[in-house]
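Rule-based calculations on the coordinates, nothing more; no lab input. Because the structure is predicted, anything quoted here is derived from the model rather than measured. Every residue, glycine among them, receives a Cβ derived from its backbone with ideal geometry; neighbour counts consider all protein chains shown.
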Amino acid sequence: MGAMADDLVQRIARFLRDPGAGRFEALTLEAFAFQVERIPAVRALAEARGALPGRVADWRQVPAVPALAFKRVELGLDSGGGEAETFRSSGTSGRARSVHRHAFPGLYRAAIDASFPRFCLPRPAPPGGVPMLSLIPPRADLPDSSLSFMVDYVLRRWGAPEASAYAFGAGRDGGSLDASAARRWAEARERDGRPGVVLATAFALAAWLDAPEASGERHRLPAGTVLFETGGFKGRGRELARPELLARVADRLGVPPDRVVREYGMTELTSQLYTDVLAGGDPELFVAPHWVRVRVLDPEGPSERLEEAPPGEPGLVAVFDLANLSSAVHLLTEDLGAIEPGGLRLLGRAAGAELRGCSLAAEEMMALRR
Amino acid sequence: MSQDRLTSLAERLNGPGADALAGLADGEILAAWDETVAAFLDPASPERREIQDGLVRSSRLSPEGLEAGLAAVLGGMRGEPATRLFAEAAALRPDRWPSGFALVVLSSNLPALAVQPLLPALAVRRPVLLKSPSAEPLFAPSFVRALVRRLPALEPAVAALTWPGGDVALEAPLLERAGVVLAYGDEEAVADLERRTAEAGGARFVAYGPKTSLAVIGRDAAGTGIGAAGENREDGGLARDIVVGLARDVALFDQRGCLSIAAVYLEGSEPAARDLADALAAELARLARKLPPGPADPPAAAAVQQLRAEADLRGLHRPRLEEAPGHSLPVGAGTVIVEPDPAFQSTPGLRTVRVHPVPDLHRLQQILAPWRRRLQGAALAGASAAALAPSLTDLGISRITSPGDLQHPDAPWHNGGVSPLTALIGG
């Protein structure tokens with residue numbers, strides 16, 4: 001990869017660990033210039049937008065790479081023989097899969113190190129590790145899932161080996177729950193009183209709560225237990241409205257809503273945003289770590305450089321993630337959101353290229369599904 | 001709205017309504033119909049003024065866009081086409097027309113669609129209940145009121161109401177008593193209604209699901225024409241009326257209709273596609289002033305911005321729509337992208353269109369095959385494009401015209417390949 005690349009990666013990694021170890025603004029411009037030099041698609045976008053390094057004085061002026069492009073375009077650095085990972089999105093809802101060739105998985109681990117404990121681990125951290133139950137398949141089942149990469153790392157890094165387990169495997173129709181394993185883990189926590197962390201997608205969580213084998217089960221997980229929730233339902237199965245999901249989690253597992261941490265991440269990014277509920281934050285607002293900036297851009301604007309939407313107004317979520325050095329530090333997501341005083345509120349997805357014609361408006365389609 | 005009210009209505013339609021319709025002559029119905037359509041085409045009429053503001057809001061079109069849209073939908077539903085439809089109906093053995101009212105479940109994306117099933121129903125003397133979507137509850141009831149005012153004998157035979165879609169209990173008495181159900185909507189909603197119709201007793205069911213359209217321009221359509229900047233060209237630039245027509249077929253209804261063009265296939269090279277894209281973008285920019293876009297739906301606008309950025313990242317040709325040099329138009333004015341990959345894709349709307357260069361138009365049937373039965377219309381220019389008409393019809397395309405005419409179907413148009421009369425009476 002080269003000494004320059006290694007040096008930049010190291011400096012970004014130090015900044016992730018310690019916000020005093022660098023300046024965000026300076027690092028963003030270096031990272032952008034690095035990508036323009038080495039990733040042809042990023043260079044093409046910068047040229048098309050008249051925003052090559054040298055003409056860009058601020059990270060907000062860096063052209064945002066559309067998440068859509070990860071489905072069609074090679075958007076990753078060649079690691080030059082170094083450690084690298086290739087992540088693919090789940091390809092649910094009938095859409096093409098994003099491919100993210102991650103040349104710096106060390107930055108991914110550094111991002112997790114610098115954010116997961118703060119937002120997700122019980123405090124104080126228990127000696128010997130935290131009991132963890134994952135309803136997210138292990139990497140062995142889904143080697144190209146960035147979420148499975150993260151969860152494997154989290155369990156190795158902070159999980160109590162003798163008290164941690166996986167209870168969801170990859171498979172058809174979104175995967176398969178091992179309800180017995182989940183029950184054994186929960187019963188063990190009820191016996192030993194150790195607060196743990198349950199990591200789950202909303203889909204897997206609902207699968208556990210709905211499982212016939214779990215019918216009638218109610219657990220009182222120890223006070224301090226955290227539920228890490230991510231991923232949503234993604235077009236699979238019956239979707240539960242959020243209030244209903246939280247109510248069922250409280251009733252069936254004994255985990256109150258203020259212990260449910262939501263994570264916002266995606267295959268195309270490296271870092272994650274979280275709701276800061278363990279610190280008393282708003283359970284619906286996502287907070288970014290110090291090396292990430294989130295903006296909401298007005299999608300209706302005429303300009304080739306989208307302007308920021310006024311606070312509280314909906315728009316397209318754009319994320320500047322310094323840890324995403326190997327592909328696109330500035331990403332235009334396919335999500336809609338609004339910036340509020342405490343963080344980012346997610347509002348849904350941008351429309352796909354759905355057929356219209358004689359079809360219903362999107363609002364009516366949603367209404368019919370409720 | 002209650003089950004009892006709908007039950008009474010259904011029984012009225014099937015009893016006195018059917019009797020009333022049977023006693024009316026074609027000429028009486030057509031006269032009242034033509035007057036009513038004329039009233040809704042006239043912005044100064046009391047009928048239009050009553051619903052104008054609400055219709056602009058609910059349709060999410062600009063006032064100019066609504067005007068053009070109403071002209072497109074209503075224009076072909078009166079006069080000679082309407083008379084022709086009634087003549088076709090008369091030839092279909094009226095003594096064998098089945099009974100039971102027609103339940104028409106409308107969608108909300110285009111205003112005035114109610115007239116398309118309503119006129120044929122009157123032609124075959126089938127009482128009609130039009131269910132308007134909650135998002136657009138104005139046009140159908142207003143039109144029915146105006147029609148009945150002009151022909152009071154119709155009163156027991158036609159009705160237009162709104163209630164939340166998918167209400168199983170509310171809709172059950174209707175499905176049990178209807179003779180035919182016409183459903184406009186997305187696949188999930190239509191499938192659900194079809195299932196419940198079958199369970200209720202099996203009225204005839206006709207689905208008008210989501211579809212899209214395209215244009216095909218043959219190499220021989222080029223000739224002495226106009227370039228993107230309006231200059232005369234002797235080198236084979238595309239004729240201006242073709243570009244103007246294509247832009248109109250993209251822009252009308254802000255591209256929300258099943259006859260709205262999502263892609264243009266140009267027989268030729270990529271440079272020719274770039275020229276066409278430039279001319280099309282310039283015309284869409286001009287149309288943005290004459291036919292301004294309505295307020296953009298944020299999710300659709302977001303999806304268009306993704307497409308634009310992806311096109312730029314891939315180095316695709318994407319001419320900018322500008323109202324003046326350096327001043328871009330809003331996202332709803334349109335987006336034109338030259339896409340070398342010939343695979344057909346629908347778009348998020350907001351006047352977004354891909355131009356695909358295709359060296360050989362004979363490949364088109366294979367290219368479009370995955371979209372069989374999901375394509376509605378094709379605007380063709382040039383002899384080599386026109387020669388494709390039979391194969392496009394095989395793909396399920398129901399309307400083939402020159403550019404600019406696509407979104408002006410007339411009364412006998414076979415939406416989805418189904419005769420509007422056969423949809424109602426079977427056979």
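Within chain B, the longest run free of GluC sites (Glu not before Pro) that sit in a DSSP loop with at most 14 other Cβ atoms within 10 Å is B:1-230. Loop-located trypsin sites (Lys or Arg not before Pro) across region A:19-52 with a Cβ neighbour count of 16 or fewer within 10 Å are A:R23, with loop assigned by DSSP. Considering only alpha-carbon pairs that sit under 8 angstrom and 6 or more positions apart, the relative contact order computed for region B:266-379 is 34 percent. Per-residue 3J(HN,Hα) values for region B:409-423, derived from phi via the Karplus relation 6.51 cos²θ - 1.76 cosθ + 1.60 with θ = phi - 60°, read x, 10, 4, x, 3, 8, 4, x, x, 10, 4, x, 7, 4, 4 Hz in sequence order (x marks Gly and Pro). Pairs of lysine residues in the protein assembly as shown that meet both criteria, 8 or more places apart or on different chains and Cα atoms under 27 Å apart, total 5. When the P(r) of region B:212-401 is calculated, the portion above 25 Å amounts to 28% of the C-alpha pairs. Counting only trypsin sites (Lys or Arg not before Pro) that DSSP places in a loop and that have at most 15 other Cβ atoms within 10 Å, the longest clean stretch of chain B runs over B:1-371. Other residues lying with their Cβ under 13 Å from the Cβ of B:Q366 contribute a combined charge of 0, Lys and Arg counting +1, Asp and Glu -1. Would you mind counting up the charge near B:A277? Only other residues with Cβ under 12 Å from its Cβ, with Lys and Arg at +1 and Asp and Glu at -1. With Lys, Arg at +1 and Asp, Glu at -1, the neighbours total -1. Of all DSSP bridge pairs formed entirely within region B:289-427, close to 20 percent run antiparallel. Over chain A, Cα pairs under 8 Å with separation of 6+ residues give a relative contact order of 16 percent. Quick check: net charge around A:G22, other residues with Cβ under 9 Å of its Cβ, Lys/Arg +1 and Asp/Glu -1? Value of the local net charge: +2. Counting DSSP beta bridges in the protein assembly as shown, what percent are antiparallel, to the nearest 5? Taking every DSSP beta bridge within the protein assembly as shown, about 40 percent pair in antiparallel fashion. Hey, how many Å between the Cα centroid of region A:143-198 and the Cα centroid of region B:313-362? Here the answer is 47 Å between Cα centres. Taking every residue in A:64-73 and counting other chain Cβ atoms within 10 Å of its Cβ, the average works out to 5.
Taking every residue in B:312-320 and counting other chain Cβ atoms within 10 Å of its Cβ, the average works out to 6. The percentage of C-alpha pairs in the protein assembly as shown whose separation is greater than 45 Å is 35%. When chain A is treated as a Gaussian network with alpha carbon springs shorter than 10 Å, the biggest mean-square fluctuation among A:E244, A:E85, A:E263 belongs to A:E244.
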